[in-house]
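Notes for the one structure printed next.
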Amino acid sequence: MAEIKRIVILTGAGISAESGIDTFRDAGGLWEQHRVEDVATPEGFARDPMLVQRFYDLRRAVMQEVEPNPAHHALARLEREFTGELLLVTQNVDDLHERAGANPLHMHGELLSALCAICETRHPWSGTLIDGPPCPTCQAEALRPDVVWFGEMPYQMDRIYRALANCDLFVSIGTSGAVYPAAGFVQEAKRHGAQTLELNLEPSEGSHWFDVSRHSKAGELVPEWVEEMLSE
Ligand code: BV8
């Protein structure tokens, strides 16, 4: 692998699976228990806000009972020890990267944040939203989960595309490559000459775009890869 100075990493639900957090598309995953349209779209929220608040309240509670796994810890080690530039982008709304000591860019928002639909302020939130608590800023009872639903614009896209245009290596970890624009990042990185690596339990929908694909559990693949990167 040529000298790697700038890395962009994208993680998905697969990196949190071994911590005990359901993925979306694996058997029994989150989407099988709910129709995406009902719980992860603005229309679904407008139609049945209680259903959606319950869906996210449950995930926010479960997330606080599980721990980061070796894959999260390995990426935090890479952030600490890699001497080049590293941007960790996650599609996940859990805080397991943070609890392992990493500093991810949450392109699809975070469970531990509430967004006021009236004044658009954001507030750290570890409790429930089902009872319609007042916004700490404007007192409106209009707090929603601060997550990006289908049809909504993911966060910090300019920053992500700038990093993809300048990286030497793009690594995708634990994602099915089913949702855009995240699923298109590998093509964007490739277009700018980056090497591309997929670490996933099985080939994702975008596997064919990757120079190298390794298939096993993230808890094994990621520490191994980080050790390789840091010993080069
Ligand atoms: C937007 C947050 C534009 C909420 C999520 C047709 C073509 C192309 C695009 C579209 C289209 N029609 C509609 C679109 C756009 C749409 C989209 O892509 N739809 C898909 C279904 C086709 N995208 C959007 O709407 C996005 N916004 O495009 O905005 C725009 C433009 C102008 C103005 C306004 C807007 C927004 C999408 C964000 C939706 N929010 N999450 C929440 O968490 O509830 S999506 C959610 O699913 C995740 O965040 C993630 O992004 C996505 C995929 O999930 P994964 O993380 O990949 O998880 P999954 O279960 O799918 O896969 C797990 C993988 O891990 C598997 O591969 C498995 O093998 C592996 N694995 C399992 N265990 C392990 C493992 N790997 C390693 N180790 C293990 N142990």
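The values are calculated or read from the model by the stated rules, or taken from the named source; none is laboratory data. This is a predicted model, so every value here is computed, not measured. Because the Cβ atoms are built from the backbone with ideal geometry, glycine has one as well, and the counts that use them run over all protein chains shown. The protein model used for the area step is the full one, side chains on, heavy atoms only, and it has no ligands, DNA or RNA in it. Shrake-Rupley method; radii C 1.70, N 1.55, O 1.52, S 1.80 Å.
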Task: Angle in degrees between helix 49-63 and the longest Cα principal axis of the chain, rounded to the nearest 10 - done: 50
Task: Charge tally in the Cβ shell below 12 Å around Pro70, where Lys, Arg are +1 and Asp, Glu are -1, Pro70 excluded - done: -3
TODO: Whenever you get a sec, compute what percent of the accessible area on the chain sits on carbon and sulfur atoms (1.4 Å probe).
DONE: 51
- [ ] Write out the cysteines belonging to the chain for which the nearest other cysteine Cβ is not under 4.7 Å, or none if no such cysteine exists.
- [x] Cys167
Task: For the range 1-125, average projected area of the Cα convex hull in nm² - done: 9.3
Task: MRE, 222 nm, helices only [DSSP H, n ≥ 4, -39500 (n - 2.57), over the chain, to nearest 500] - done: -9000 deg cm²/dmol
Open item on the list: Of all beta bridges DSSP finds with both residues in the chain, what is the antiparallel percent, to the nearest 5?
Closed with: 25
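Whole-Å semi-axes of the chain's equivalent ellipsoid, largest first, each the root of 5 times a Cα gyration tensor eigenvalue?
That gives 31, 18, 17 Å for the three semi-axes.
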Task: Average accessible surface area per residue within the chain, 1.4 Å rolling probe, Å² - done: 47
Open item on the list: Once the cut-off is 19 Å, how many percent of the Cα-Cα pairs in the range 68-128 end up in the long-distance tail?
Closed with: 38
Open item on the list: How tilted is helix 70-81 with respect to the longest principal axis of the chain? Cα atoms for both, answer in degrees (0 to 90, nearest 10).
Closed with: 70
Task: Student exercise, the chain dipole from Lys, Arg, Asp, Glu Cβ charges, in Debye to nearest 20 - done: 400
Task: Candidates Asn69, Asn92, Asn166, ranked by Gaussian network fluctuation over the chain, Cα under 10 Å, top entry - done: Asn166
Task: Accessible heavy-atom area order of Met107, Met157, Met50, highest first, probe of 1.4 Å - done: Met50, Met157, Met107
